[in-house]
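Student: Just passing along the structure, written as C-alpha cells.
Values in this text are rule-based calculations from the coordinates and carry no lab data. Bear in mind that the values here come from a model prediction, so they are computed numbers and not experimental data. Cβ atoms come from the backbone with ideal geometry, glycine included; neighbour counts cover every protein chain shown.
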Amino acid sequence: MISGKTKVLAVLGAPVTHSLSPLMHNSWLAAAGIDAVYVALPFSEAGFPALPNVGLFGANITVPFKESAAAMSVRRDEIAARLGAANVLRFDADGPSAFNTDAPGFVASLDEGAPGWRARVHTALVLGAGGAARAIAWGLADAGVARIVIANRTPARAEATAAAVPVAVTWPWEDLAGAFAQADLIVNATSLGLAGAASPDWPIHAAPAHAIVADAVYKPLETPLIAAARARGLATVDGLGMLIHQGARAFEIWFGVRPDVRGARLLLERALVGEAG
C-alpha cells in the first residue's frame, strides 16, 4: 500500500518510457518488504536544479543526464568524481550524493556472460563517448585491460572520454572496420539500435574470430550488433546484464540490501519476450 510514508525512487532520462528499471526495482522492493515505489520519470535539463526539492529518496540517471547528475551533487564516489558522470543519486539531508555503478555493473555483466574474458581481452573497443561509454571504458581499464580504443561520431567527445580513462586512445569513426579488426572486445555504448532506432551497418566482418561483442542496449535484447555477431559465431553479451548489475549496486546504496540478480534476469527476460510477442 502506498502512503504518505512511502519512499519514492525513479529513473530519470529522455527517453525513459522504454526502461525496465521500474519492473526490476519494484520486484526487489516487494521481496525485501521495503515501503517504497519506483517509477519512470521523463525529465529535462532545465529541471535538474530543482531535483533535490522534488522529494525523491533516490534515482537512477540515464541518457543524457549522467554528467549533469554528477555536477549537481554535493558529494561523489570515486568513479563519479573521476569521470564526471553518475548514474545513481541518493538524496541525503544536506544534498544529493552521486555514484557510478555503471562501471562495476558492466564488468560484472562480462564476468557473468563471458567467463574467462579477462585472459582473452588485451584491446577493447568502446563505441560512444557519453556517460555510459566513459564508465564502461573506466571499468575495463580498472579490470586490467591493457588498451582501450574510443570511437565516437564527435571526435572532441571521444578525446574527452579518452583523457578521463587510463590506457585509452581514440580512433576515427570513419574507420570502424580498422577498430573492429584489432579488438578482442567490442562494446556498443551508444543508443544506436535502441528500441527500433537506426543502427549502422556495423563492420562485424572485420572482427577477429575470438572477439567478444557486447551491447549496453537491452531493448531489443538482440540488437543489430548482437545479431550480426551471433551470425558470425562470435561470443556475445547482451545489455540486460549491465542493467541488472548496476541496478543491484544502486539498490544496495539506497537500502543496504543485496537483491536477487538471477531472479531479476528471469523476470526481465519474460517481460521482453512478452513485449516482442
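Student: Going by what's in this entry, would GLU78 be described as of a type outside the set (S, T, N, Q), out of contact with any Gly (no Cβ under 9 Å at 6 or more places or on another chain) and under 20 Å from THR101 (Cα atoms)?
Tutor: Answer is yes for this residue.
Student: As an exercise: evaluate ASP215 against (1) under 21 Å from ALA135 (Cβ atoms); (2) of a type outside the set (Val, Ile, Thr); (3) out of contact with any strand residue (DSSP E or B) (no Cβ under 8 Å at 6 or more places or on another chain) and give the number of the one condition it does not meet.
Tutor: (3)
Student: From the set of residues in the stretch 37-60 that are closer than 14 Å to PRO22 by Cα and without any contact (Cβ under 8 Å) to a residue 60 or more places away in the chain, which is surrounded by the most Cβ atoms within 10 Å (Cβ to Cβ)?
Tutor: ALA59
Residue-by-condition table, conditions (1) of a type outside the set (A, V, I, L, M); (2) over 25 Å from ALA40 (Cα atoms):
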{"position": "ARG90", "(1), (2)": "yes, no"}
{"position": "GLY95", "(1), (2)": "yes, no"}
{"position": "LEU110", "(1), (2)": "no, yes"}
{"position": "ALA114", "(1), (2)": "no, yes"}
{"position": "ALA119", "(1), (2)": "no, yes"}
{"position": "GLY130", "(1), (2)": "yes, no"}
{"position": "ALA135", "(1), (2)": "no, no"}
{"position": "ARG147", "(1), (2)": "yes, yes"}
{"position": "ALA156", "(1), (2)": "no, yes"}
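Student: Within the stretch 68-77, is there a residue that is assigned to a helix (DSSP H, G or I), more than 21 Å from ALA132 (Cα to Cα), of a type in the set (A, V, I, L, M) and free of Cβ contacts under 8 Å to residues at least 40 places away in the same chain?
Tutor: no
Student: Restricting attention to the stretch 209-230, does a residue exist that is within 25 Å of ALA80 (Cβ to Cβ), in a helix (DSSP H, G or I) and touching a Ser or Thr at 6+ places or on another chain (Cβ under 9 Å)?
Tutor: no
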